[in-house]
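Let me begin by presenting the structure, written as structure tokens, before commenting on it.
The values are calculated or read from the model by the stated rules, or taken from the named source; none is laboratory data. Here the structure is a predicted model, which is why all the values come from computation and not from measurement. Cβ placement follows ideal geometry from the backbone for every residue including glycine, while neighbour counts extend to all protein chains displayed.
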Amino acid sequence: MGIITVLTNGFKKIGHSNWGWLLIGMFILLFLMPPFIPRFFVYILGLIYVTSLLAMSLNFLVGFGGMFQFHHAVFYGVGAYTVALILTKTSLPPWVGFVAGPVAAGLVGLLIGWFCVRLTQLYFGMLQISLGSLIWAIVYRWYKFTGGDDGIHGIPMPQVLSSLNQAYYFILILLVVSLVLLYSILKSPFGSTLQAIRDNPQRCAAVGVNVRRHQLRAIGIGTFFAGIAGVLFVVLEKSVFPDLLFWTLSLEVFIMCLLGGWFTFGGPILGAAITVALRTFVGKYTEYWTLILGVILILLIFFLPEGVMGYFVEKFKFRGNSGNERGTA
Amino acid sequence: MLRVEGVVKSFDDFLAVNEAHLLVQKGEIVAVIGPNGAGKTTLFNLITGQLRRDRGRILFQGEDISELPPYEVCRRGLGRSFQIVNVFHRLTVFDNVQVAVLSHQKKSNTLFHPAGSLAVVETRSLLESVGLADKGRRIVGSLSHGDQKILEIAVALGNNPEMLILDEPTAGMSPEETAATIDLIRHLAKTRGLTILFCEHDMEIVFSISHKIMVMHQGRTLLQGTPEEVRNDPQVQSAYLGGTDA
């Protein structure tokens, strides 16, 4: 806990106005890094970015929307497969594929969501798992079209994205743009209404909000961003396979949000980074790396129930709120 | 303004509301009284669409609203608060009211405009009118029970309703808080021209502020009349006033 205390004290010293500069500085640093670090690390960072965006898009629906989005990987997979199929099977210009990926993911999200928002809580989640698994089964079995369990490999990328470093820049920029968009959506009236629905759907309906339609719109947005993550995965890996939309990945992304903290904006990024790092560095020594993840998760639930990021935010709030109350009382 | 005609609602075999009748005219303060389990809350839930009636009609400003979902009822100018505190507990006091105001201004779907700069004046003046202005930045969970009940009313006012249904607005309050809340309700009714329908266990309050009182017993409307008429009715006395209630 010593390290954590030091870190919290360090964070406390940073004023609110300086946070923006810190983030911009971090972005510039990450942007300048590739030439100076080994290729392998560039790849791992890219993977962390892609996974972060996926986790953020899930957290938008789960942490801020309060929906039981149990099978989020499907929309990631749909985004990835859409761009992969367009790039390999058609002669359309590549940008069509890049746009079509998120759009397809959002449309499939709306289609599945249209059924799911009619149910509540666990039933919402169960229905989504069933409908999502259906899509997985189609992708897994339709050898002629999707390559079945082999997937599609060696997807040709446009010239500007062919090298690893170029892919890295592209992913980083799209990640930042997506995060800015998601953040402003959460701070908009749409976002605050979404969080109000999470807290109390019944009351929201009583103040004139069409809860189902609002949730469905949020699903459209969340799955669209999952689709962007799917496209970025293809940019990085240049291949797709059915595991991208298997339910175990959905669970893994769920765990990332839990690790980072549901009710914080940046938490899922941290969760994604931890998970990807564990899989990469512990996974080298043992295929049972999930065992370590499991232990971390158990410790987390006991000691930091609001997640790693949630813990720090809580520390901050404590200071901010007490000052605030003293001022107003 | 509001007319309930022969409304029936049963849960499985239990008749929660059986032939309820109610008439609320514009500008009136009307109370629904009755022992626990008489069906008051169920009646309110039927009116504002949380539940759907089995039989009967509910007319609001001449329009049949008995098949409408809650958000449609709200959009027609009929707001409500809940008996058990029922707000957005992770949001601040300000945000709670703002969600309702944004919904009223049809801005709930605005995507790329910071919510912090929308509907601020309206929300703030609303908080001032109920006396919560200095607590705007508090998280709801940290408020006292009395303040949370007041916030209930403020959230309901966010939609600028013409009529307000209050389900036991003073439940669980201290005598001082109760007195302040009753003053507030009276003040709101006067300054905003609100029509109010409420239910309440405290007979002193009911008889002091209501223009009309409707008495429910076992889901049925016994009678509706002025406080005088209700006080002197033998049927009411035996069923309710002379009975178990303190």
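Confirm whether B:LEU111 is under 23 Å from A:LEU182 (Cα atoms), of a type outside the set (S, T, N, Q), modelled with pLDDT of 90 or more and not assigned by TED's automatic domain parsing to the domain that holds B:ASP167. The answer is no for B:LEU111.
Do we find that B:ASN109 is in contact with a Pro (Cβ under 9 Å, 6 or more places away or on another chain) and either surrounded by fewer than 21 Cβ atoms within 10 Å (Cβ to Cβ) or more than 7 Å from chain A (Cβ to nearest Cβ) (or both) in this structure? Yes: the conditions hold for B:ASN109.
Looking across segment A:282-329 at every residue that is outside any helix (DSSP H, G or I) and within 14 Å of another protein chain (Cβ to nearest Cβ), the one that is modelled with the lowest pLDDT is identified as A:ALA329.
A single member of B:VAL155, B:VAL120 is within 14 Å of chain A (Cβ to nearest Cβ), β-branched (Val, Ile, Thr), under 20 Å from the mean Cα position of the chain (by Cα) and within 25 Å of A:LEU194 (Cα to Cα), and it is B:VAL155.
Checking the structure you have, find out if any residue of segment B:23-31 is over 15 Å from B:LEU164 (Cβ atoms) and in contact with a strand residue (DSSP E or B) (Cβ under 7 Å, 6 or more places away or on another chain). Yes; the residues of segment B:23-31 include at least one that is over 15 Å from B:LEU164 (Cβ atoms) and in contact with a strand residue (DSSP E or B) (Cβ under 7 Å, 6 or more places away or on another chain).
So that you can scan it fast, the table gives a plain yes or no per residue for (1) touching a residue at least 24 places away in the same chain (Cβ under 8 Å); (2) in contact with a Ser or Thr (Cβ under 6 Å, 6 or more places away or on another chain); (3) not polar (S, T, N, Q):
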| position | (1), (2), (3) |
| --- | --- |
| B:GLN98 | yes, yes, no |
| B:GLN105 | no, no, no |
| B:LEU111 | no, yes, yes |
| B:PRO114 | no, no, yes |
| B:LEU118 | no, no, yes |
| B:GLY136 | yes, no, yes |
| B:THR170 | yes, yes, no |
| B:LEU184 | yes, no, yes |
| B:HIS187 | no, no, yes |
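Within segment A:120-148, residues that are in contact (Cβ under 8 Å) with a residue 12 or more places away in the chain and part of a helix (DSSP H, G or I) sit with their Cβ atoms under 6 Å from residues that are surrounded by 13 or more Cβ atoms within 10 Å (Cβ to Cβ) and of a type in the set (Ser, Thr, Tyr), at 6+ positions apart or across chains, in these pairs: A:VAL139/A:THR146. For B:GLU228, are the conditions met, namely being loosely packed, with under 15 Cβ neighbours inside 10 Å and of a type in the set (D, E, K, R)? Yes; evaluated as a whole, the condition is true for this residue.
Exactly one residue out of B:LEU197, B:LEU184 is touching an Asp or Glu at 6+ places or on another chain (Cβ under 9 Å), away from chain A (no Cβ under 11 Å) and either more than 22 Å from B:ARG124 (Cβ to Cβ) or aliphatic (A, V, I, L, M) (or both), and it is B:LEU197. For segment B:74-101, name all the residues that are in a loop (DSSP other than H, G, I, E, B) and touching a helix residue (DSSP H, G or I) at 6+ places or on another chain (Cβ under 9 Å). Listed by number, the residues that qualify are B:PHE82, B:GLN83, B:VAL85, B:ASN86, B:VAL87, B:PHE88, B:HIS89, B:ARG90, B:LEU91. The single condition from (1) out of contact with any strand residue (DSSP E or B) (no Cβ under 9 Å at 6 or more places or on another chain); (2) surrounded by fewer than 16 Cβ atoms within 10 Å (Cβ to Cβ); (3) hydroxyl-bearing (Ser, Thr, Tyr); (4) in contact (Cβ under 8 Å) with a residue 12 or more places away in the chain that A:TYR76 fails is (2). Looking only at segment B:34-73, filter to residues that are outside any loop (DSSP other than H, G, I, E, B), free of Cβ contacts under 8 Å to residues at least 40 places away in the same chain and surrounded by fewer than 18 Cβ atoms within 10 Å (Cβ to Cβ); which one of those is farthest from the other protein chains (Cβ to nearest Cβ)? The extreme case among them is B:ASP64.
Quick check on A:ILE86: is it free of Cβ contacts under 8 Å to residues at least 24 places away in the same chain and under 18 Å from A:LEU232 (Cα atoms)? Yes, satisfied. The number of residues in segment B:124-166 that are modelled with pLDDT of 90 or more and in contact with a Phe, Trp or Tyr (Cβ under 6 Å, 6 or more places away or on another chain) comes to 2.
A:VAL99 meets all of the listed conditions (1) aliphatic (A, V, I, L, M); (2) without any contact (Cβ under 8 Å) to a residue 24 or more places away in the chain; (3) under 23 Å from A:PHE70 (Cβ atoms) but one, namely (3). Scan segment B:74-102 for residues that are in contact with a strand residue (DSSP E or B) (Cβ under 7 Å, 6 or more places away or on another chain), more than 9 Å from every other protein chain (Cβ to nearest Cβ) and surrounded by 24 or more Cβ atoms within 10 Å (Cβ to Cβ) and the total you get is 1. Mind listing just one residue for me: the one in segment A:153-180 that is assigned to a helix (DSSP H, G or I) and without any contact (Cβ under 8 Å) to a residue 40 or more places away in the chain and, of those, farthest from the other protein chains (Cβ to nearest Cβ)? Restricting to residues being assigned to a helix (DSSP H, G or I) and without any contact (Cβ under 8 Å) to a residue 40 or more places away in the chain, the top hit is A:GLN159.
To keep it simple, each residue is scored yes or no on (1) under 20 Å from the mean Cα position of the chain (by Cα); (2) in a helix (DSSP H, G or I); (3) more than 25 Å from B:LEU68 (Cα to Cα); (4) modelled with pLDDT under 95.
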position	(1), (2), (3), (4)
A:LEU186	yes, yes, yes, yes
A:THR193	no, yes, no, yes
A:ARG198	yes, yes, no, yes
A:CYS204	no, yes, no, yes
A:ARG212	no, yes, no, yes
A:ARG217	yes, yes, no, no
A:GLY222	yes, yes, yes, no
A:GLY227	yes, yes, yes, no
A:VAL234	yes, yes, yes, no
